[in-house]
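Trainee: What follows is a single structure, and I will ask about it in a moment.
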């Protein structure tokens, strides 16, 4: 179980760092679903790993990070629906 938690944590780190690297390299835009999903899934990996290791401040920060990403996706969905004339 400990190995699985470590793999989840490292995968989360790779997703968040990958998203940042892709943004920095101009290969990904911050207003894309891909960017936000990478951050949400990466933060979820950190929540699992941090929580399991008792790093509560890190786990809490990543729960907030997930909330920000979910909010951004919902705003994107709302904007897309408005452009299509859907309410």
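Only the coordinates and a few stated rules stand behind these numbers; no lab work does. Owing to the predicted nature of the structure, the values given are computational and were not obtained by experimental measurement. Neighbour counts are summed over all protein chains in view; Cβ atoms, including those assigned to glycine, are modelled from backbone coordinates with ideal geometry.
Trainee: Mind checking whether some residue in the range 55-72 is part of a loop (DSSP other than H, G, I, E, B) and under 19 Å from residue 6 (Cβ atoms)?
Mentor: Taking every residue of the range 55-72 in turn, at least one turns out to be part of a loop (DSSP other than H, G, I, E, B) and under 19 Å from residue 6 (Cβ atoms).
Trainee: Then there is this: Collect the residues in the range 19-40 that are surrounded by fewer than 17 Cβ atoms within 10 Å (Cβ to Cβ), within 19 Å of residue 62 (Cα to Cα) and touching a residue at least 24 places away in the same chain (Cβ under 8 Å), keeping them in residue-number order.
Mentor: If the condition is that a residue be surrounded by fewer than 17 Cβ atoms within 10 Å (Cβ to Cβ), within 19 Å of residue 62 (Cα to Cα) and touching a residue at least 24 places away in the same chain (Cβ under 8 Å), then 33, 37 are the ones that fit.
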